[in-house]
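J.: Dumping the structure here so I can ask a few things about it.
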Amino acid sequence: ITDEEKAAAIAVIFYVGTGLNSDVDGNPDNTISRTLGVGLKHDRNGLKWCRYDSSTSYANGYSTNIETIQCTTDSGDKNGSDNLEQIGNFLGTANNDTTTLSNYPAFKFGKEYGTTNSLNAPYNEGWYLPSLAELYAIYNVKTTVDEASSLCGGSQFDSSYYWSSSQSASSDKHAYDFNFDNGVKHANGKGSASGYVCAVRAFN
């Protein structure tokens, strides 16, 4: 591709299909095909899944098992595009603190990716923190994604841990991060700042 095309690139397409639609009543939704791309710039400084400052100061989603966003690599709530909103709905009106994005730093990176990177409309909106299943889809083509991102001056996944937007089923205080070295999910404390973060978007 030309230098001009490299400079204009905003994402690497990693998936086209219906397999990353969320299950409905336990059954896969095969009706809508999605084309997904991952943003070229990652946060590799380490962000918390949600705010945790001390045992008495944390986001309301920290100690809550948000059942509606549980996901494996191939089942459950695989579409992460509305997971932050689902957290708010699950917490309920009185406890919903998701409108203050600083309470959910990893999600904030996804939500604000387009404006943070000064992308033009409509690509300044629609970005989000991917689900575990969506990260697994990136892993399946990681070499190609990293090579294409590098060509355009973007970040690399290499062998790092990345936060997903998916709740761990094993513990209220854990969400899944994903190891891009071996393709294994890991239930990590939501208040841990050890996870890197990327943003994805649908392009159809």
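J.: Would you work out the charge dipole size for region 115-175 about its Cα centre, treating the Cβ of every Lys and Arg as +1 and the Cβ of every Asp and Glu as -1, and quote it to the nearest 20 debye?
T.: Taking the Cα centre of region 115-175 as origin, the dipole is about 100 debye.
J.: Filter the GluC sites (Glu not before Pro) in region 15-116 to those in DSSP coil with at most 15 other Cβ atoms within 10 Å of their Cβ, and list the result.
T.: Working: sites: Glu67, Glu85, Glu112; in loops: Glu112.
Answer in residue order: Glu112.
J.: If you place +1 on the Cβ of every Lys and Arg, -1 on the Cβ of every Asp and Glu, and leave all else neutral, what size is the dipole of region 1-52 about its Cα centre, to the nearest 20 Debye?
T.: Computed about the Cα centre, the dipole is about 360 debye.
J.: Tell me the mean residue ellipticity at 222 nm calculated for the chain from its helices only (DSSP H runs of n ≥ 4, each -39500 (n - 2.57), averaged over every residue, nearest 500). Can you show the working numbers first?
T.: Values: 6 runs with 45 residues, N = 204.
Taking each H run of at least 4 residues, the total per residue is -5500 deg cm²/dmol.
J.: When the Cα centres of region 23-38 and region 115-150 are compared, how far apart do they sit, in Å?
T.: Each part's Cα centre sits 17 Å from the other's.
J.: Here's something else I'd like to know. In cubic angstrom, how much convex hull volume per residue do the alpha carbon atoms of the chain span?
T.: So the per-residue hull volume is 117 Å³.
J.: Express the relative contact order of region 104-196 as a whole percentage, based on alpha carbon pairs under 8 Å and six or more residues apart in sequence.
T.: Relative contact order for region 104-196 comes out at 21 percent.
J.: Under a point spin-label approximation (7 Å from Cα along Cα-to-Cβ), what is the Ser194-Ala121 distance to one decimal in nm?
T.: It works out to 4.3 nm between the two label points.
J.: Which lysines does Lys185 reach when only Cα atoms under 16 Å apart count, and residues fewer than 8 places away in its own chain are ignored?
T.: Filter leaves Lys78, Lys142, Lys173.
J.: Computed over the Cα atoms of region 44-119, what is the convex hull's projected area averaged over all directions, in nm²?
T.: Mean orientational projected area (region 44-119, Cα hull): 6.3 nm².
J.: Testing the spin-label approximation: label points 7 Å from Cα along Cα→Cβ at Asn45 and Ser102. State their distance in nm.
T.: 1.4
J.: Further, regarding this structure: Amide H neighbours of Lys190 under 5 Å, at least 5 residues apart or on other chains, H built in the peptide plane: list them.
T.: For Lys190, whose amide H was placed from the backbone, the distant partners under 5 Å are His174, Ala175.
J.: Just to check I understand the Karplus step: with θ = phi - 60° and J = 6.51 cos²θ - 1.76 cosθ + 1.60, what whole-Hz values come out for region 17-22, glycine and proline as x?
T.: x, 10, x, 9, 6, 5
J.: FRET efficiency for Ala7 and Thr31, Cβ-Cβ distance as r, R0 = 35 Å, nearest 0.05?
T.: 0.45
J.: Need one number: nm distance between label points at Phe203 and Ser171, each 7 Å from Cα along Cα→Cβ, rounded to one decimal.
T.: Roughly 3.7 nm, to one decimal.
Bear in mind that the values in this text are calculations on the coordinates, not laboratory data. It should be emphasised that the depicted structure is a prediction, and the values quoted were computed from it without experimental measurement. When we count neighbours, we look across all protein chains shown, and the Cβ atoms used for this are built from the backbone with ideal geometry, even at glycine.
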